[in-house]
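The values are calculated or read from the model by the stated rules, or taken from the named source; none is laboratory data. Everything quoted here is computed from the prediction, not taken from an experiment. Note that each Cβ is placed from the backbone with ideal geometry, even for glycine, and that neighbours are counted across all protein chains shown. Heads up: the accessible areas ignore ligands, DNA and RNA and are worked out on the full protein's heavy atoms, side chains in. Shrake-Rupley method; radii C 1.70, N 1.55, O 1.52, S 1.80 Å.
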Amino acid sequence: MSAKIIKGAPIAEEIRAELSKEIEGLKAKGFTPKLSVVLVGDDPGSVWYARNKVTTGEKMGAVVEVTELAKDTPEADVVALVKKLNADPNVHGILVELPLPKHINKANVMNAIAPAKDVDGVTAEQRGYVLGDMESLALVPATPLACIELVKRSGVDIKGKRVTVVGRGDTVGRPLAMLLLSKGRDATVTVCHSRTADLAGACKDADILFAAAGAGANHLIKADMVKPGATVIDAAINEKPDGSITGDVDPAAAEVAAVITPVPGGVGSLTTTIIVGNTVKALKLQKGLN
Ligand code: NAP
């Protein structure tokens, strides 16, 4: 039996339709969500992501502005720009594209972002909301939220299920584990990492398996590590020698799982849309709107 392949694009489209309506409603009340993207240097991936935010956001009626800084811009100037955006009442969300050039301390820049405008969920305050099960106040990092949306919108119930997350990274695995554990989602969560003694056993035990290790292109999670009938969400991005990308899960797992996401074309297709969604949420929290 072959698994149902859950592609990200139609789900992203569904979320965009909901957000467009919400933005229309906000505009009718005199509020236009605005996201400010800071791009330092000319890393091709970052340039693409920044442009993609403009296209995606503007399609939904939001304003997305990119400030481009030269790659030799001093750290103090980047921090000063972030602080200027913090103080601008017309900017509701701020995102600094990563990676930053080597001479810039990432933490200094990220910590300069006002938590209320931190649509990438990188500041300690936003992380605290997720950790403390206060998601209604949180701007949740996009990739873990994309994983949750994919499961939810595929009609798979998380409640009470045995869930395994492979990876305890700051960006994906760790916040994802907290979201799954939250009251209301109520998963029973196992988190694995590079020191996990029995990775295969932990994966095989899972009704829903999330892969977020980025452990290389040789597919860490093989088909025989997947429980028959499981839901498999692969958030990883591994670059193959030919430049193409692949996930952590061997595509052969589709013969065992009931539901599986492709890489590329799965989780990654949702993240830009979710950043715009976070900008809308940030605006509503800032203005006390519901
Ligand atoms: P990270 O911070 O590097 O964390 C990776 C985690 O995987 C670590 O906890 C590491 O364990 C664990 N790990 C590595 N090799 C392992 C192995 N052989 N067995 C078990 N666990 C292993 O990564 P991240 O930033 O959270 O990102 C995770 C993945 O998501 C990456 O592939 C990244 O490219 C991808 N990603 C995708 C998107 C998207 O839009 N789809 C966005 C962001 C990130 P230790 O803690 O023990 O080192």
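Rounded to a whole number, what % of the accessible area of the chain do carbon and sulfur atoms account for, probe 1.4 Å? Here carbon and sulfur together make up 54 percent of the probe-accessible area.
In summary, the convex hull built on the alpha carbon positions of the range 22-146 has an orientation-averaged projected area of 7.9 nm². Hey, how many Å between the Cα centroid of the range 1-52 and the Cα centroid of the range 240-278? Each part's Cα centre sits 17 Å from the other's.
Adding -39500 (n - 2.57) for every DSSP H run of four residues or longer, then dividing by how many residues the chain holds, sets the calculated 222 nm ellipticity at -11500 deg cm²/dmol.
Test of understanding: what is the full-extension gain from Arg51 to Lys21, defined as 0.36 nm times their sequence separation minus their Cα-Cα distance? Kindly include the intermediate steps, with their values, before the conclusion.
Values: separation 30, 0.36 × 30 = 10.80 nm, distance 2.26 nm.
Between Arg51 and Lys21, full extension yields an extra 8.5 nm.
Gain on full extension, evaluated as 0.36 nm per residue between Lys4 and Asp170 minus their Cα-Cα distance, stands at 56.8 nm. Heavy-atom accessible area for Lys159, with the other protein chains in place and a 1.4 Å probe, reaches approximately 110 Å². I need the Debye-formula profile for the range 193-247: one equal scatterer per C-alpha, no solvent, reported as log10 I(q)/I(0) at q = 0.24, 0.25 1/Å, two decimals. Log10 I(q)/I(0), no solvent term: -0.97, -1.03.
DSSP assigns beta bridges within the range 142-268; of those with both partners inside it, close to 10 percent run antiparallel.
Once the C-beta distance of Arg195 and Ile237 is scaled by a Förster radius of 22 Å, the resulting FRET efficiency is 0.45 to the nearest 0.05. Measuring r between the beta carbons of Asn218 and Ser136 and using R0 = 45 Å, the FRET efficiency lands at 0.65. With the simple model of a label 7 Å out from the Cα in the direction of the Cβ, Asp157 to Glu14 spans 1.7 nm. To the nearest 10, the accessible area of Ser194 is 100 Å² with a 1.4 Å probe.
Of the residues Glu14, Glu239, Glu135, ranked by 1.4 Å probe accessible area with the largest first, the sequence reads Glu239, Glu14, Glu135.
Computed from label points 7 Å out along Cα-Cβ, the spacing between Asn290 and Leu98 is 3.5 nm.
What pairs in Lys152/Lys281; Lys53/Lys281; Lys71/Lys284 have C-alpha atoms more than 23 Å from each other? Display every interim value, and only then the final one.
Details: Lys152/Lys281 19 Å; Lys53/Lys281 16 Å; Lys71/Lys284 34 Å.
Where the Cα-Cα span goes over 23 Å, the pairs concerned are Lys71/Lys284.
Can you pick out the pairs among Lys183/Lys240; Lys159/Lys227; Lys59/Lys117 whose Cα atoms lie more than 28 Å from each other? From the list (Lys183/Lys240; Lys159/Lys227; Lys59/Lys117), the Cα-Cα distance tops 28 Å for Lys183/Lys240.
Keeping all protein chains in place and using 1.4 angstrom, which order do Arg51, Arg195, Arg127, Arg153 fall into by accessible surface area, from largest down?
On the way: Arg51 155, Arg195 190, Arg127 85, Arg153 65 Å².
Solvent-accessible surface, decreasing: Arg195, Arg51, Arg127, Arg153.
The packing ranking of peptides 5-12, 94-101, highest mean first, is 94-101, 5-12, where packing means the average number of other beta carbon atoms within 10 angstrom of each residue. In this entry, the chain is assigned a mean projected area of 15.0 nm², taken as a quarter of its C-alpha convex hull surface.
A compact globular protein would have a Cα radius of gyration near 2.2 N^0.38 Å; the ratio found for the range 145-282 is 0.99. When you count the other C-beta atoms within 10 angstrom of each residue and take the mean per peptide, 174-180, 222-228 line up highest first as 174-180, 222-228.
Just the number, please: percent antiparallel of the DSSP beta bridges in the chain, rounded to the nearest 5.
Details: 2 of 32 bridges.
The antiparallel proportion sits near 5 percent.
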